[in-house]
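See structure below.
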Amino acid sequence: MSLDPAVARARTRYPVLASALERHLGWARDFAIAGDVDSAVDAIRDAHATLGELRTSDFTDGPR
């Protein structure tokens, strides 16, 4: 769960992107626990890109 208000609003309007963000972060955690640092970093990068999409979607649509 994010404390970022933009992400909280976008989570309601874009549940698929929000679940993708959670999924990537979960994978990053799992890879890190398994010791696969390269895959963990890739999953974090993917999560960061998804977060950017959520923020951009909320910014371009404006508050409702």
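Quick rundown of the values:
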{"quantity": "Matching residues in region 1-54 - criterion: being modelled with pLDDT of 95 or more and of a type in the set (D, E, K, R)", "calculated": "R29, D30, D36, D38, D42, R45, D46"}
{"quantity": "Condition broken by R64, with the remaining ones in (1) in a helix (DSSP H, G or I); (2) touching a Lys or Arg at 6+ places or on another chain (Cβ under 9 Å); (3) modelled with pLDDT under 95 satisfied", "calculated": "(1)"}
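The values are calculated or read from the model by the stated rules, or taken from the named source; none is laboratory data. Keep in mind it's a predicted model, so treat the numbers as computed, not measured. Reconstructed Cβ throughout: ideal geometry from the backbone, glycine too, with neighbour counts over all protein chains shown.
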